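Every number in this text was worked out from the coordinates using simple rules, so none of it is lab data. This is a predicted model, so every value here is computed, not measured. Note that we place each Cβ from the backbone using ideal geometry, even for glycine, and neighbour counts take in every protein chain shown.
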Amino acid sequence: MMYMTFYWGSKLTLLFDFWRTDSWSSYALALFICFIVSVLYQYMEDHHQRFKILSSNSKKNYPPSSSNAAVNTPLLYSFSIVGDVWNSAKFATAILFGINSAFGYMLMLAIMSFNGSVFVAIILGLSIRYLLFRTGEEDVMVVDNPCACA
């Protein structure tokens, strides 16, 4: 049955047809997995930000042309793909972004099961990981494109 409001029952189909809970122990295991995946998501978000800062610090002469031209005409700005994409820090950032996006969408779909306990487990996992392991370095903001519309 597809619920359209929050419910608190232990009968749950989560993300896949084969992931069904029919007992309290399987339900608790599903909640624990949701908690762990949300902690992992927040961990990867933190490392994604660190790699992004690392890749922005490792850019030498970026953009290769005059930076004023890039700011004044950001939509007409062309850049060299060959030298910039294969930077190892930027490549690691792109890989982490893809994996992190997949985890984020899976967590969103799990919450869309409308099970209240799944919602609480995911929010607790995100909050606890953020509270315990963020060091305050996330205040540094990396701007990839100076254009506010991008």
Pairwise FRET efficiency - S127 versus I99, Cβ, R0 = 22 Å, nearest 0.05: 0.55
Quick one: if you stick a label point 7 Å off each Cα along the C-beta vector at I36 and T5, how many nm between them? 3.4
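Roughly speaking, what is the stretch gain from S88 to H47, that is 0.36 nm per residue apart minus the C-alpha to C-alpha distance, in nm to one decimal?
My answer for the length gained is 13.3 nm.
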Under the Karplus curve 6.51 cos²θ - 1.76 cosθ + 1.60, θ = phi - 60°, whole-Hz ³J(HN,Hα) for region 2-14, x wherever Gly or Pro sits: 9, 8, 10, 9, 5, 9, 10, x, 8, 7, 8, 10, 10
